[in-house]
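Structure record follows, encoded as structure tokens.
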Amino acid sequence: MFKINCIFGSGALLLEIRFHGRGGQGVVTAANLLAIAADLDGNWSSAFPFYGAERRGAEIESYCRIDSSPIRITSPIENPDVVVILDPSLLKISNPLRGIKENGKVVINSPSPVTLPYQTFVVNATKIALDLNLVKSGWPLVNIIMLGSIARLNVVTLDSLKKAIDEEFEGKVAELNKKAVEVAYESVKEVSQVVA
């Protein structure tokens, strides 16, 4: 077990989270559900995507802002507090860490530790998705699972995240996703920070 300092709480400044994934991985849905969970926690939030080439497999970014006050900023997030990477291969073909704040955090879907110059958290979301049969068109659905890891960083509560899932999904799909975020919440691991 490890301790994660709360990165958001009363009196906190705007928290900016940037998601990186590929078309079809549900990056937009993940940002939207995080915003819903933040709202359920009593905070203000906004979420929106940025699309490049709109096709399955193309790199996609999505953004979520959370604050204790109304949010008026609508531009893409250039200097995130947290970067969430659904597909670790993006580290080799693009720069998802660009602009991250000096004390920023990275949450990445990876089966093993990843050495980055930031406080990094890994969760094997792909394995969790496969174990729970959260697969669509051959793709493991890791987007919601990654939110369980973010909840562990105290960005939103796990309870609010589960309520947000119930607002978005029904029946077995909702139950599987709630189970998946619980598993991610318990299995995310912190990687020692490496100085570049």
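The values are calculated or read from the model by the stated rules, or taken from the named source; none is laboratory data. These numbers were taken from a predicted model, which means no experiment stands behind them. Ideal geometry is used to build each Cβ from the backbone, glycine not excepted, and the neighbour counts take in all protein chains shown.
Summary of computed values
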{"quantity": "Number of the condition not met by residue 66 [criteria: (1) assigned to a strand (DSSP E or B); (2) closer than 15 Å to residue 20 by Cα; (3) aliphatic (A, V, I, L, M)]", "calculated": "(2)"}
{"quantity": "Pairs with Cβ under 8 Å, 6+ apart, first in the range 158-182 and over 16 Å from residue 31 (Cα atoms), second polar (S, T, N, Q) and modelled with pLDDT under 95", "calculated": "176/133"}
{"quantity": "Which numbered condition residue 92 misses (of (1) in contact (Cβ under 8 Å) with a residue 12 or more places away in the chain; (2) assigned to a helix (DSSP H, G or I))", "calculated": "(1)"}
{"quantity": "The lone exception for residue 154 - which of (1) under 21 Å from residue 25 (Cβ atoms); (2) modelled with pLDDT under 95; (3) touching a Gly at 6+ places or on another chain (Cβ under 9 Å); (4) of a type outside the set (Asp, Glu) it fails", "calculated": "(1)"}
{"quantity": "Pairs with Cβ under 8 Å, 6+ apart, first in the range 1-28 and on the phi > 0 side of the Ramachandran plot and at pLDDT below 85, second in a loop (DSSP other than H, G, I, E, B) and of a type in the set (Gly, Ala, Ser)", "calculated": "11/68; 24/57; 24/137"}
{"quantity": "Answer residue from the range 110-130, given it is without any contact (Cβ under 8 Å) to a residue 60 or more places away in the chain and surrounded by fewer than 23 Cβ atoms within 10 Å (Cβ to Cβ) and is farthest from residue 67 (Cα to Cα) among those", "calculated": "130"}
{"quantity": "Flag for residue 91 being modelled with pLDDT of 95 or more and either on the phi < 0 side of the Ramachandran plot or of a type in the set (Asp, Glu) (or both)", "calculated": "no"}
{"quantity": "Flag if residue 179 is more than 18 Å from residue 124 (Cβ to Cβ) and among the basic types (Lys, Arg)", "calculated": "no"}
{"quantity": "Every residue from the range 66-109 that is among the polar types (S, T, N, Q) and crowded, with 19+ Cβ neighbours inside 10 Å", "calculated": "109"}
{"quantity": "Some residue of the range 34-48 being at pLDDT below 95 and over 23 Å from residue 164 (Cα atoms)", "calculated": "no"}
